[in-house]
Amino acid sequence: MISRILLKNTLAQFLSRGLFIFVSFLLVRIITETFGKEGYGIYGFVTALVLFFAMLADWGTQVITVRETSIGQGSWLGYSARVRLFGTAFSFRLLLSILSFFLLNIAVRVYGPWQEFVVPVSIASFVLFFLSIKTSVFIVLQSILRLDLVALVETGGAIAFFMFVLFFLNLGLNGVLLGWVLGTCVVSLLAWIVARRNVNLRLLADKAALLRIIKGALPMGTLLLVFSVYNRIDVVLLEHFRGIGDVGVYNLAYKIHENLVLGAAFLMNTLFPLLSKSLGDKEKTRQLYTRSFGIIGGVGFLASLLFLFLASPTIYVLTGSKFEEFGGSVTALRILVFATLFSYFNHLTGFALIALGKQSTALIVGVSALIGNLILNLIFIPHYSYIAAAGITVITELFIFVV
């Protein structure tokens, strides 16, 4: 039964994400050929900055709400209590997105070196509201193990994103970012319609539910913030020390790495509620973990090995006539695939710790990794640019895996 649920939900995500990846890589080809590595660098820097503030807007509430509703199903937490949790999480996350929106727009205007990014960041910052709504709805669907519906919604969003970008491409990179915002808006609306058929989702403010969410989200949000910083601090340092062109080269390789890791994320999206439910049965938890470890390890190894050899043709397909500009992305990707393998294992161990309520343990590991990552990047990026950034990413993922 568990294997069938895992297979159904994971395959649904793979199929929908396959279309999304295909569409997003078409967009990458359009952006790289239209704007070159400098333009793609700006696009990568702006989206990385906005997604960092999206992490602030989430602050661990997604994972914690899924855990709390999953633990309680069939026991202490009845249907009405779960609805209160969903509604309260929805309201709280919306408030966080408003706060993050203002913080992002203040930061980009106050910090001098970022003045050239004010307009694109201002446009892209509106995506924070729609990402919050989308993810809040996905909490409901993940908790009831209907990730096939999530996949369906994401597919519609991918098509909308692509169409909007093509329509606004004449506006330059700002048009691409506007397409991102509108495409995410479509996803959030579709997700809302789908979720309302399964749960009476609405804005609520239940004190008991809010306290449960905040209690779990404080350490969880700090942990995710730490991981978000060390994942993308290299982009900020590359822009500062080496220029936006090197950001474009590195970001293209990193985008492929991120998409390769999605296999682990898809599996864990399905497995996490099941792990949380099984905590009262140690043998069941052990079997779930062991089985998942083998699957994740195998998929991670195959993905890493495949793109170790396919790095050059992949970058060529994504850049076309601008391939020479992005030649460094090939080397960066061949380094990053080793980080891909360790990241697969880290998804499992990280989510397992969260399911066990061991966020503080994971936080200690994350802070240690962040400190080491930051020190190494500050030392080596000024001299070795994106090669250093890629290598340090591997070292960081390996450190987390071992610890």
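The values are calculated or read from the model by the stated rules, or taken from the named source; none is laboratory data. Just so we're clear, the structure is a prediction, and the values are computed from it rather than from any experiment. For neighbour counting, all protein chains shown are included, and Cβ atoms are generated from backbone atoms with ideal geometry for every residue, glycine included. For the accessible areas, the whole protein counts, side chains as well, though only heavy atoms, and no ligand, DNA or RNA atoms are used. Shrake-Rupley method; radii C 1.70, N 1.55, O 1.52, S 1.80 Å.
Observations on the model:
- Note on region 168-196: among residues that are open to solvent by 60 Å² or more (accessible area, probe 1.4 Å) and touching a Leu at 6+ places or on another chain (Cβ under 9 Å), the one that is modelled with the highest pLDDT is 171.
- Listed by first and then second residue, the pairs with beta-carbon distance under 9 Å, at least 6 apart or on different chains, first residue in region 159-185 and in contact (Cβ under 8 Å) with a residue 40 or more places away in the chain, second buried (at least 20 other Cβ atoms within 10 Å of the Cβ) and outside any helix (DSSP H, G or I), are 181/125.
- Condition check for residue 123: out of contact with any Leu (no Cβ under 8 Å at 6 or more places or on another chain), within 22 Å of residue 188 (Cα to Cα) and not polar (S, T, N, Q): no
- Checking residue 284 against (1) without any contact (Cβ under 8 Å) to a residue 60 or more places away in the chain; (2) open to solvent by less than 40 Å² (accessible area, probe 1.4 Å), the condition it does not meet: (2)
- Selected residue (only one of 49, 26 is at pLDDT 70 or above, of a type outside the set (Asp, Glu), surrounded by 21 or more Cβ atoms within 10 Å (Cβ to Cβ) and farther than 20 Å from residue 351 by Cα): 49
- Any helices (runs of 4 or more DSSP H) falling wholly within region 301-403 and containing at least 2 residues that are surrounded by fewer than 15 Cβ atoms within 10 Å (Cβ to Cβ) and at negative phi: 311-319, 359-402
- Cβ pairs under 6 Å, 6+ apart, first in region 317-339 and among the aromatic types (Phe, Trp, Tyr), second at pLDDT 90 or above and surrounded by fewer than 23 Cβ atoms within 10 Å (Cβ to Cβ): 323/316; 338/394
- Lone qualifier among 99, 94, 77, 103 - being surrounded by fewer than 19 Cβ atoms within 10 Å (Cβ to Cβ), modelled with pLDDT of 80 or more and farther than 28 Å from residue 251 by Cα: 94
- Conditions (1) modelled with pLDDT of 85 or more; (2) open to solvent by 60 Å² or more (accessible area, probe 1.4 Å); (3) within 19 Å of residue 256 (Cβ to Cβ): number failed by residue 14: (1)
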